[in-house]
Structure formats: C-alpha cells, structure tokens
Amino acid sequence: MAKEKKAIKSKPQVLEEAAKAAPKEKVVAPPRTSSAPELLRGMRDILPAEAKYWRFLRKTAEDFAVAYGFDCIETPIMEPTNLFVRAVGKQTDIVEKEMYSFDDQGGERVTLRPEATASIVRAYLSHGMFNIPQPVKLWYEGPMFRYERPQAGRSREFHQVGFEILGEGKPAVDAELIIVGNAFLRALGVAASVQVNSIGHAGCRDPFKAALLQHYRARRSEICEDCKRRLTRNPLRVLDCKIPECQPVKNSSPQIVDHLCDDCRTHFMKVLEILDEADVPYVLTPHLVRGLDYYGRTVFEYVPAGGEEGAQSALGAGGRYDGLAEILGGRATSAAGLAFGMERIIARMREANAPVPELPAPSIFLAQLGEHARRKAFALFEKLRAAGIRSAANFSKESLKQQMEIAGKLGVRYALILGQKEVLEGTLIIRDMDSGVQEIVGYEKAIEELRRKLG
Ligand code: HAM
C-alpha cells in the first residue's frame, strides 16, 4: 500500500527538525487563523523541541543546589500586591508599570509574581525559619510575570531559577552566590562574565544620591525625559538608563564606591578577596545599581560574553538585601541571593551549540499484532518499564511492517513481537534488529532473557 511506503520520521528526527526550525531568541508571533485562540502578547509555549534544554537546565540547577546545600522551596505564583510594592519598591519600573495586578473575586488586590525574592522572605518569616539553624539556603524555579515591552530576550512570562541565603551577613555568602552562579553558567556551556559593585547601605547612599543629583542637574539639558523624571522620584535609577544620549553624563557621574562607609567598604573588599582567591574573574562596575529597591551592599549581574551591554541581555543577577525582612514587618535578617533568567540562558546555550544530553534511547521496541496481543502488550510494556528496560511501543499501529519501521528508526537493539499465535502459546518473539535473527522465548522468561542480552 502506498500509505505503508511513506517514510515514517522517527520522534528524535521530528524533534530535531522542529528544534532547527524553532525560533532562537526572536519573539515570533504564532501563526494565526481567524478562529484559532491567540497567545497573549509576550507569552509563549515551550514546545517539545526545546525540552532537552529545559530538562538539562533544571537538572543542573538541582545538582548545584544539592552540592551547595540549598533546599527546594515553592511559593505561590500569586501574592498580595502589597508584598511586591513593599519589597521591590513603589518607585521602581516593576511596581509602577510592570505588574499583573487585579482584584480577585473577594475584592483582594493580588499580583502575579514579578520575581520571587519577596515571596521567599515572606515564607522565611511566616514559617519562623529564623528559629532553625542559620543560614537558611533555599532555591526555586518557576514562572514570573512582568508587563514589559516584549522583544528579544524579554517576555511577559519568563522563568527564573534562584538561590537565596537568609540569616547570614558575612561577605562569604555574597562570594558564595557569585561563585555558584559563575560555575552554574559554565556547567551549562554559557560564556559570561560577572559584573560586581557595592551600593552600600542607606547611610552611604544618601550622600551619594545628593552628589548624583548635583551632577545630573548641572547637565539636565543632556539627559532623556525619563532620567529627568527619575531624578525627582528615584535618583539611583538614572544609572540604569541605556539610552545612548545619557551615557556621557552617566559615565562621568560620581561613583558610589567613593561614598561607602568603612563597614560597607570592608565588606566589599572581603567579597572581592574571596573571589580573587577562588580565581573567579569579575568586572568591577561602578555604575551597576539594579532595578529593585531592596538591595544594599553587594550587587552583581551576569552578562553574556560578547553580548551587548544592558539589562536586556543580563542572564542573571542578584545581591544582598539585608533590610528586606524588616521592610516586610519581620525581624532584622541579613540575606543575599541571585536569580537567572532561564529563557535567556537557553537562548545562549542554543547559540553556542552547548552540548546537552539527550534522553537515553530505548533498547527495545514492543510490537503487537491483533486485538488480543495488543491488550497483552500493555501489561508486558509495564513489566518492561518496571524492570528498568527502556522500551518503546506504538499501541495504536496495527501493521507489523509499520511498527518494524518505527523500531528501525529508533535504532533499538531488539524488537519484541507479540502476535495472536504467541499469545495462545504463552511465548513471544525476540528479533535482533541488526542480524534479523528471531528466537522464541516463553512469555514469563522474556524479561530475564532481555536482561541477559542487554548485559
Ligand atoms: P532581576 O534582575 O529583575 O532580579 O531578574 C533576574 C533575571 O531574570 C534577569 O537577569 C533576566 O535574566 C531575567 N529576566 C528578568 N526580566 C525578564 C523578562 N522580562 N524576560 C526574560 N527574562 C527576564 C530579580 O528578579 C531578583 N529577584 C534576583 C535576586 C534574587 N536578587 C536576590 N535574590
């Protein structure tokens, strides 16, 4: 039959072709038909073609978490709006323009989390984690939501994997996070460098803000409208500006490291000493301030090697946030953390053709012929699975020829064939796919025989 002759593509082949065709970093609008439901702007489906990258990224994150002693935590995707307003800061872009907030059916104002650090601190306080031995090391992974203008590397739903260390203020913690992040990216085959700075504590920042204001006000005519607005509302944010016309003013502006108090300076020096000792290359970046208000002292960002400067390309970022627990109404708690953008890392892995493990291929294909055999095949397949023998099958195919073609494409070593005759006789056929040699074994002996053959 002509239908039978049609080349059947194996699953790996189909996935590989889809992977090649899948968009790399570009935001591509999904194909639309008049009646097809549409994806929301800035949201996307993560298709099977990308699954191996996600699997590897998650597995690597978990391996690092286990190695460095982080426990897994999951917090709700939705929280009271007020949590983020207090934690991230009223006058940040995230809170002012980017949150998905709405009133729920009970009239409570709720928000889809734009980040997870606020939730982690809330959980630390509400579960009394300050009563257990400190520091408490937690890691998490999951979706975040920000109503930003979608573009390459920036979407409205994205995923982060994060590591937080609560209850310890020593510089070794800041250094540990930077080192973990650096090794994590390397393990994923992503070339990046880490930019570091210290923004001191509030007492260092006040005189710095005054110096910054003076500098910017003197050159007001040279800066963008956004920066003018930032000057009055949240002056540190002018240092986040990426607009080319503002860069000369920014580059000549005062540096916060020159305004650090003795304690903050010593803390920062110790972080850098540990990084030097651990041979972790870093770039001192005096204008790095970060877009969330909870930070104090050390801040850092991972930027891809050869990537453009700017927040859109940062692969991950973090810093110390000693004041956050108190802002949320809890006891004073030193803490620091970092989070990576998973989509951005995967885009880099794909660009760099980073080696990513495939799922182990099946060594057996179970073929069935006839209604009775098919019913029995389900039980046999489950036996194979329970015995740890990686098997494949296609229970909906009726033609043996088609099933053998699939087995051939999968490159399995043996096919198990169960037909009407075999069911009646309590046997099955083991076919060596290379030599074509077939042997008949008793149904009950099949697993043992396969184990022996597979070694
Ligand atoms: P963040 O810099 O806002 O920090 O985000 C961390 C990372 O998430 C970014 O470096 C980027 O890779 C990714 N990311 C952020 N926004 C988007 C977006 N719209 N589309 C795609 N990726 C994005 C935080 O969220 C802090 N909570 C990090 C932290 C943890 N600080 C201490 N602990």
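With respect to the conditions (1) surrounded by 15 or more Cβ atoms within 10 Å (Cβ to Cβ); (2) at pLDDT 95 or above, Thr92 lacks only one, and its number is (2). Within the range 278-301, the set of residues being assigned to a loop (DSSP other than H, G, I, E, B), more than 9 Å from the ligand (Cβ to nearest atom) and touching a residue at least 60 places away in the same chain (Cβ under 8 Å) comprises Ala278, Val280, Pro281, Thr285, Pro286, His287, Leu288, Val289, Asp293, Gly296, Arg297. Taking the range 395-420 as the range and being crowded, with 16+ Cβ neighbours inside 10 Å, among the polar types (S, T, N, Q) and in contact with a helix residue (DSSP H, G or I) (Cβ under 7 Å, 6 or more places away or on another chain) as the test, only Gln402 passes.
Only helices (runs of 4 or more DSSP H) whose full extent lies in the range 369-436 are considered here, and the ones with at least 3 residues that are under 17 Å from Leu450 (Cβ atoms) and either free of Cβ contacts under 8 Å to residues at least 60 places away in the same chain or within 44 Å of the chain's Cα centre (by Cα) (or both) are 371-386.
Residues that are buried (at least 16 other Cβ atoms within 10 Å of the Cβ), at pLDDT 95 or above and not assigned by TED's automatic domain parsing to the domain that holds Gln134: does the range 28-42 have at least one?
Within the range 28-42, one or more residues are buried (at least 16 other Cβ atoms within 10 Å of the Cβ), at pLDDT 95 or above and not assigned by TED's automatic domain parsing to the domain that holds Gln134.
The number of residues in the range 141-180 being over 26 Å from Leu39 (Cα atoms) and within 11 Å of the ligand (Cβ to nearest atom) comes to 7.
Can you name every residue in the range 241-277 that is in a loop (DSSP other than H, G, I, E, B) and more than 30 Å from the chain's Cα centre (by Cα)? Listed by number, the residues that qualify are Ser252, Ser253, Pro254, Gln255, Leu260, Cys261.
Quick one: count up the residues across the range 120-166 that are of a type in the set (Asp, Glu) and farther than 24 Å from Ala67 by Cα.
Of the range 120-166, the ones of a type in the set (Asp, Glu) are 141, 148, 157, 164.
Now narrow it down to the ones that are farther than 24 Å from Ala67 by Cα: 148, 157.
Total satisfying the criteria: 2.
If the requirement is being at pLDDT 95 or above, farther than 30 Å from Phe130 by Cα and within 15 Å of the ligand (Cβ to nearest atom), which of these qualifies: Arg237, Arg344? Give the derivation first.
Numbers: Arg237 fails: at pLDDT 95 or above.
Of the residues listed, the single one that is at pLDDT 95 or above, farther than 30 Å from Phe130 by Cα and within 15 Å of the ligand (Cβ to nearest atom) is Arg344.
The values are calculated or read from the model by the stated rules, or taken from the named source; none is laboratory data. Not measured: the values here are computed from a predicted model. Every residue, glycine among them, receives a Cβ derived from its backbone with ideal geometry; neighbour counts consider all protein chains shown.
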